[in-house]
Amino acid sequence: MMGPAHSLSGAAAWLGVGALATAMGHTMPWPVLVTGALICAGAALAPDLDHKSATISRAFGPISRGLCEIIDRLSAAVYKATRGKGDPRRNGGHRTLTHTWVWAVLVGAGASAAAVFGGRWAVLGILFVHLVLAVEGLLWRHARVSSDVLVWLLGAAGAWIIAGILDQPGNGAGWLFTEPGQEYLWLGLPIILGALVHDIGDALTVSGCPILWPIPVGRRFWYPVGPPKFMRFKAGSWVEVKVLMPAFMLLGGVGAVAALNLV
C-alpha cells in the first residue's frame, strides 16, 4: 500500500486497541490514546525504510536517505544469507527484513528500552520521529507542498507539547507499566503494531509480504504471505484509495468514540 493508507491503518489500529481496552474495563487515558494513534500512524510508514522512494526515506533529508541505503543493503544481505531453496534470487532488500514480525518486535523493543533508559530526550526523539512521519502520512497533501523544515518544526513542537501532557499525573507516562522506572515503556507497543499493520497491508497487494520470516513455509523462508491472488490489488489502485482508506477513517472514528466511552 501507499503511505497515506498505511498511516490511516496504523492510527485506526491503535484506536481499535483503545476501544478494546475500554471494553475490558481498562480505559486508556486520552493522551495515551491520541499519542499512540499518532505514533502508530508514523510507525506504519517505517518498514519502507528499505525503499529509496518511500516517504520515510525522504522525510529527514540526507539522514533518512543514508539510513535507507544502509537498511537496503542489510536487508539484501540477510535475505541472501537465509534464503531457502524455494526462495528466488533477487537484487535489493525491499520487502524483506523490515517487513517481518522479527523487525517489528526488535524496533519496538529498542524504542521501549531507549525511552526507559535514555530519559526525556530519548522520549522526545521517539515522539519527534513518529510525529513527523504521521504528518507526512496523514496530511500528505499538505506535507508535499510544505518545506521539510516546517514539518520538522511541527513534529518538534508536537513532541514537546505531548511529552509535557503525558508527564502530568494520571495522563499516561506510566500507563500499563506502573512500576517506578517504567515510565514510557509502553511507547514500543504502537511502534510494533504500526509495523505489523504495515506488513498486513502489504500482504494484501499483488506481491504479498514475508511477515512470517524466519518461520519456513515449505521450501521458503521468505514466503510472501497474502490472500488468494484474485483478492489482491496493486498499490495505489482504486481499491486502496476508494475503499480501504475511507474504511480506515470510519473504523478509526468508531474506535475513538468507543475508546473514549462517548456512547
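The values are calculated or read from the model by the stated rules, or taken from the named source; none is laboratory data. A quick note: this is a predicted structure, and the numbers were derived from the prediction, not measured. So basically every Cβ, Gly included, is an ideal-geometry build from the backbone, and we count neighbours across all protein chains shown. When the accessible area is computed, the model is the full protein with side chains, heavy atoms only, and any ligands, DNA or RNA have been set aside. Shrake-Rupley method; radii C 1.70, N 1.55, O 1.52, S 1.80 Å.
Listed by chain and number, the lysines placed with their C-alpha closer than 25 angstrom to that of residue 229 are 85, 242; residues fewer than eight positions away on the same chain are left out. Taking the three principal axes of the alpha carbon atoms in the range 118-263, the coordinate ranges are 51, 39, 39 Å, sorted in descending order.
Going by the alpha-carbon gyration tensor, a ≥ b ≥ c the square roots of its eigenvalues, is the range 27-179 rounded (a/c under 1.5) or, if a/c is not under 1.5, prolate (a/b greater than b/c) versus oblate? It is oblate, given that a/c is not under 1.5 and a/b is not larger than b/c. Give the angle, between 0 and 90 degrees and rounded to the nearest 10, that separates the Cα long axis of helix 245-259 from the longest principal axis of the Cα atoms of the chain. The two axes meet at around 30 degrees. Put simply, when 177-183, 231-237 are sorted by average Cβ atoms within 10 angstrom per residue, most first, you get 231-237, 177-183.
Between the DSSP loop rule and a limit of at most 16 other Cβ atoms within 10 Å, which trypsin sites (Lys or Arg not before Pro) in the range 1-92 are left?
Of the trypsin sites (Lys or Arg not before Pro), the ones in loops of the range 1-92 whose Cβ has at most 16 other Cβ atoms within 10 Å are 52, 83, 85, 89, 90.
Charge tally for residue 235 (other residues, Cβ to Cβ under 13 Å; Lys, Arg +1; Asp, Glu -1): 0. Under 5 Å from the amide H of residue 233 lie the amide H atoms of 205, 206, each residue being 5 or more positions distant or on a separate chain, with H modelled from the backbone and absent for Pro and chain starts. Between the amide H of residue 87 and those of 221, distances stay under 5 Å, these residues lying 5 or more places away or on another chain, with hydrogens modeled in the peptide plane. Summarising the amide proton neighbourhood of residue 217: residues at separation of 5 or more, or on other chains, whose placed amide H is nearer than 5 Å comprise 223. Sequentially through the range 91-97, phi angles give Karplus couplings (6.51, -1.76, 1.60; θ = phi - 60°) of 10, x, x, 4, 6, 10, 4 Hz, Gly and Pro residues having no value and appearing as x. Restricting the calculation to alpha carbons of the range 75-138 gives Rg and Dmax of 15.9, 47 angstrom.
The figure for residue 138 is an accessible area of roughly 60 square angstrom, using a 1.4 Å probe on the protein chains alone.
Let me know the charge dipole size of the chain about its Cα centre in debye, to the nearest 20, where only the beta-carbon of Lys, Arg (+1) and Asp, Glu (-1) is charged.
Its charge dipole is roughly 1180 debye.
For the range 7-12, putting each phi into the Karplus relation 6.51 cos²θ - 1.76 cosθ + 1.60 with θ = phi - 60° gives couplings of 5, 4, 5, x, 4, 4 Hz, in residue order, rounded to whole numbers and with x for Gly and Pro. Taken as Cα centroids, the range 220-255 and the range 89-114 sit 21 Å apart, rounded to the nearest whole angstrom.
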